Amino acid sequence: MTDQSHLPDPSLSDHVLAALDIVVLEWEEEAGEFRLQGAPPEWWGQRFGPAIRCSQDPSQCSPFLQDYLTGIHRVWQGGPGTIEKSGPWTESDQQGGTMTLEARALSLGLRKLVLIERLGSDFENMRSIVQRARERMLAEDLTAKSHHKAETRLIGRLEASERTKDDALALLQQLGLAAMVLDEHGQIAFATDRTLEMLGIAAQEAIGQPWDQVLSFRKEDRRLVQHLLEGSSQTRSGGPLCLEGACSRWIELEIHRDLRHPVRRILILSDRTELHALRQALNEQASFHDLVGKSAAMLRVYQLVRDVAQVDTTVLIEGETGTGKELIARAIHSSSGRRNKPFLAANCAGLTDSILTSQLFGHKRGAFTGAIQDQQGLFEAAEGGTLFLDEIGDIPPQVQTALLRVLQEKEITRLGEAKPRTVNVRVVAATHHNLSEDVLRGSFRADLLYRIRIARVQLPPLRDRPEDIPLLAQSMLEKICAPTGKTVERLHPDTLRVLMSYSWPGNVRELKSAVEFAVISCKGNEICPADLPPEITGATMASSPSVFIPLSNQDEKTRLLTALSDANGNRTEAAKRLGISRATFYRRLVEFDIHAH
Amino acid sequence: MMQKKVCMLGGFAVGKTSLVRRFVTNVFSEHYQTTIGVTVEKKTVTVDHQDVMLMLWDLYGEDEFQHVRESYLRGSSGYILVIDGTRKATLDTARLLQQTVVRTVGPLPFVAIINKSDLRSEWEIDQPVIEQLREQGWPVFFGSAKLGQGVDELFAHLAAMLLSPAPPSRICP
Ligand SMILES: Nc1nc2c(ncn2[C@@H]2O[C@H](COP(=O)(O)OP(=O)(O)OP(=O)(O)O)[C@@H](O)[C@H]2O)c(=O)[nH]1
Ligand SMILES: [Mg+2]
């Protein structure tokens, strides 16, 4: 009875339990089994039937519950108030669905109870939160993985392309190729070591800089390169361009489009400095100062001129009329240390004793009739420089003596003065005579000859170097045409053949007049043999050419007079017409006693 | 008939539920529904002519939200450590769980399975690591709940271990 009084009204407790949706099992010690208390909720009946007697048939009831109930006595021994939850477990119901249950064991006084509840909406909420969280973690894991994969792939590709780039770069550097890449703004994005070496700069001075600041081209070349860069096709600079700087360089440019970035340009630079220097040297060999010719004989002359220019001695230039003796004298002067001082030329032919003396040494006012004022001579005027005395073989004996004194003492005395003046002038003399013969004949002082002939340059006649004729003729053609505006471009090969087979007694001067004549006659842009003066086309190679035009004295005198009258008394013009130098012309006038006024 | 409690342990989504379902009912679903708490499935296997009922405790996955309850482990005869081959981190989880079991219920027989072998190209666990596990005394299986590969062998092997009189080989905590 007492036990009964502890229990609530059975119908009330049934209602309460039904309202709580809880199953209550009580352990029946004597029977050794659990007994369901009150009316169980509907879900319980669906899963386990109206009663549960697990101790009798454990395989029939829930394995989880069985496991839980097996260990439950341990909980009850824990004393009153001890509650242990089973944790949620899932059971399938008879409709093929599932339900999640949780059990708790507790003891009330002597009574040992197990409460089982079905987890409801709170549990479902928790489940869906965990589900979402895990799904998200899996998704993030997948994303991270695909990122990682992409990253690995990209790193792999980057490494591969870096390797390719390094290989290409190494190859480029190994090849010693001077190349640079310009970006879309014309700034240098990359330059090989060879380029930097060629330009003599460090990488940081080049990279990111505008090309025209790094490549110090001359203004017009810069414009040309700009133009080439603006073009879209692959081009070359044509000839070498000069990079100005401490030591200037000649480079040839090759411009390519960067196929990956059409606005970027790849420049390949080839150093042509050495080649340029060699070409220059070659050109120099074909012409020297104003002398033209690359025959062995002329090359020897150029070398001789260079050698002679190095020393300060008197030089004698020997050569037939028209061979360009004055040009040699000028070349010696311009190659010598005196190049910045005056170069004066005097023609000693056809001048009287006193005129020549006054011309060379100057005079005092009143020294002779017509000497109205003091006048310095060429020696004084050429102070520090070079005095070229042409036709030295023609100077009268008194002048020879005075000249010898200058050469020995470095002093001159003006005509009409007593006091000598010191001069520093280099004398370069020229003659078409054989002065040794003149000495033998007694017309030239031996001591003066030895003074003059310390150094000698012998100019070959043109007929001895016919291979120079095409070069000479072409160079003359260009010079003659330039001021006239005529566009005669070349000489026909037949014309060159005629020119080369002619004996040229008047040498280069005669060739020049022939070309001048031909330019006037020429109708097209090419000189034909018919354009040449008749004496050249008609002439055959002279078997034994001489310095003089081989005519009898009478014929020669007539020729001189005709030339003079044709030139209206202008001696320079008359000499030109005859293809002889003014000096020779004057000498001839004196010889034939012609007084031209 | 002899009954043996076997716990399925492993990180979340490694395929514990899928392996049990493939073994018990021979079905597989691509759809992932995480297990909360426990579901117990039964299947009888025969080892050396002796039937044994495996009570398969499919536990929830171990992660920061849920840690394995020691009460679930109690009374186990053995366990299966499930690892997802495509997620290296699940191997670390399996290692921790193995230590937990040893700490809680002692050195029970177990087998490890690296699941999802149908995705072998995406595996993050390579051969040297597997060799290392084997050297530590882990019986390591490969399998796929999706394709049903290695599943029966896995459970059969464990059942044999459970019935074998010899204690489990080497168990490293
Ligand atoms: N490709 C492939 N997918 C699998 C395999 N096994 C399981 N899955 C998939 O993996 C996901 C998780 O599988 P579950 O079996 O639910 O994993 P679990 O270990 O029970 O997960 P929790 O209960 O959350 O701990 C599901 O989407 C499955 O379809 C397999 O062998 N191959
Ligand atoms: Mg699961």
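If you count, for every residue in B:29-36, the Cβ atoms of partner chains within 10 Å of its Cβ, what is the mean?
That works out to 4 on average.
Please compute the net charge surrounding A:PHE343, taking Lys and Arg as +1 and Asp and Glu as -1 over other residues with Cβ under 14 Å from its Cβ.
Around A:PHE343, the charge tally is +2.
Principal axes first, then extents: for the Cα atoms of chain A, list largest minus smallest coordinate on each axis, whole Å, largest first.
Sorted from largest, the Cα extents of chain A read 187, 60, 38 Å.
Using only alpha carbon pairs under 8 Å that are at least six residues apart, calculate the relative contact order of the range B:54-150 and give it in whole percent.
Normalised by residue count, the contact order of the range B:54-150 is 27 percent.
Among residues other than B:LEU54 whose Cβ falls under 9 Å from its Cβ, what is the net charge (Lys/Arg +1, Asp/Glu -1)?
Result for the neighbourhood of B:LEU54: +3.
Consider all pairwise Cα distances in chain B and report the whole-number % of them above 20 Å. Please list the in-between numbers first.
Working: 7012 of 14878 pairs.
Percentage above 20 Å: 47.
Between A:ALA296 and A:LYS149, with labels modelled 7 Å along Cα→Cβ, what's the label distance in nm to one decimal, could you check?
8.4 nm
Relative contact order of the range A:176-271: what whole-number percent is it, with Cα pairs under 8 angstrom and at least 6 residues apart?
28 percent.
Enumerate by residue number the GluC sites (Glu not before Pro) in the range B:3-94 meeting two conditions: DSSP loop (anything except H, G, I, E, B), and at most 15 other Cβ atoms within 10 Å of the site's Cβ. If you can, show how the numbers build up before the last one.
Working: sites: B:GLU30, B:GLU41, B:GLU62, B:GLU64, B:GLU70; in loops: B:GLU30, B:GLU64.
Taking the range B:3-94 and a limit of 15 other Cβ atoms within 10 Å, the loop GluC sites (Glu not before Pro) found are B:GLU30, B:GLU64.
With viscosity set to 1.567 mPa s at 4 °C, what whole-number translational diffusion coefficient in µm²/s follows for the range A:462-537 from Stokes-Einstein and a Kirkwood radius over Cα pairs?
108 µm²/s
Highest mean first, how do A:367-373, B:31-37 rank when packing is the count of other Cβ atoms within 10 Å averaged over residues?
Ranked by mean Cβ neighbours within 10 Å, highest first: B:31-37, A:367-373.
Based solely on C-alpha atoms, express the radius of gyration and the Dmax of the range A:242-337 in angstrom.
Radius of gyration, then largest Cα-Cα span, for the range A:242-337: 21.2, 70 Å.
In units of 2.2 N^0.38 Å, what is the alpha-carbon radius of gyration of the range B:24-64?
Its radius of gyration relative to the 2.2 N^0.38 Å reference: 1.51.
For chain A, take the longest principal axis of its alpha carbons; what is the angle in degrees between that and the long axis of helix A:582-591, to the nearest 10 within 0 to 90?
Tilt relative to chain A: about 10 degrees.
Using a Förster distance of 45 angstrom, determine the FRET efficiency expected from the C-beta separation of A:VAL16 and A:GLU135, and round it to 0.05.
Efficiency for this residue pair is about 0.65.
Return the subset of A:LYS112/B:LYS4; A:LYS325/A:LYS576; A:LYS85/A:LYS112; A:LYS325/A:LYS364 for which the Cα-Cα distance in this structure is over 22 Å, preserving the input order.
In this structure, A:LYS112/B:LYS4; A:LYS325/A:LYS364 lie more than 22 Å apart at Cα.
Within 10 Å of each Cβ in peptide B:37-44, how many partner chain Cβ atoms are there on average? Round it to a whole number, please.
Values: counts 12, 9, 8, 9, 2, 2, 0, 0.
Other-chain Cβ atoms within 10 Å of each residue's Cβ, averaged: 5.
Calculate, in whole percent, how much of the Cα-Cα pair population of the range A:429-488 lies beyond 19 Å.
56 percent
Ignore the peptide's own chain and count Cβ atoms of other chains within 10 Å of each Cβ in A:126-134; give me the average, rounded.
4
Taking every pair of distinct Cα atoms and averaging 1/r, then inverting, what Kirkwood hydrodynamic radius in Å comes out for the range A:381-476?
So the Kirkwood estimate lands at 15.6 Å.
What is the helix-to-structure angle for A:296-310, meaning the angle in degrees between its Cα long axis and the longest Cα principal axis of chain A, kept from 0 to 90 and rounded to the nearest 10?
Tilt of helix A:296-310: around 90 degrees.
Across bins of 5 angstrom width beginning at 0, how are the C-alpha pair distances of the range A:292-458 distributed, in whole percent?
Taking every Cα pair in the range A:292-458, the percentages come to 2, 9, 18, 21, 20, 15, 9, 4, 1, 1, 0.
Can you give me the relative contact order of chain A as a percent, contacts being Cα pairs under 8 Å and 6 or more apart?
Result for chain A is 8 percent.
Roughly speaking, to the nearest percent, how much of the protein assembly as shown's 1.4 Å accessible area is carbon and sulfur?
Working: 20840 of 40030 Å².
Summing carbon and sulfur atoms, their accessible area is 52 percent of the total for the protein assembly as shown.
Which aspartates and glutamates have a Cα lying under 17 Å from the Cα of A:LYS149, excluding residues fewer than 8 positions away in the same chain?
In chain and number order, the partners are A:GLU140, A:ASP141, A:GLU159, B:GLU122, B:GLU124, B:ASP126.
Quick check: the angle from helix A:273-286's long axis to the longest principal axis of chain A, C-alpha only, nearest 10 degrees?
So the helix axis and the longest Cα principal axis differ by about 20 degrees.
Taking Cα atoms of the range A:109-243, Rg/Rh with Kirkwood Rh, to two decimals?
1.57
Tell me the Kirkwood hydrodynamic radius of the range A:189-254 in angstroms, computed as one over the mean inverse distance between distinct C-alpha pairs.
Computed over Cα pairs of the range A:189-254, the Kirkwood hydrodynamic radius comes out at 12.6 Å.
Select from the range A:188-273 those trypsin sites (Lys or Arg not before Pro) which occupy a DSSP coil region and have at most 14 other Cβ atoms within 10 Å, ordered by residue number.
A:ARG218, A:ARG260
Based on the mean of other Cβ atoms within 10 Å per residue, sort peptides A:397-404, A:439-446, B:16-23 so the most packed one is first.
Values: A:397-404: 18.0, A:439-446: 14.5, B:16-23: 23.8.
Most protected by this proxy first, the peptides run B:16-23, A:397-404, A:439-446.
The values are calculated or read from the model by the stated rules, or taken from the named source; none is laboratory data. No experiment lies behind these values; they were computed from the predicted model shown. Cβ coordinates were reconstructed from backbone atoms using ideal geometry, including for glycine residues, and neighbour counts include every protein chain displayed. Surface areas here come from the heavy atoms of the whole protein model, side chains and all, with no ligands, DNA or RNA. Shrake-Rupley method; radii C 1.70, N 1.55, O 1.52, S 1.80 Å.
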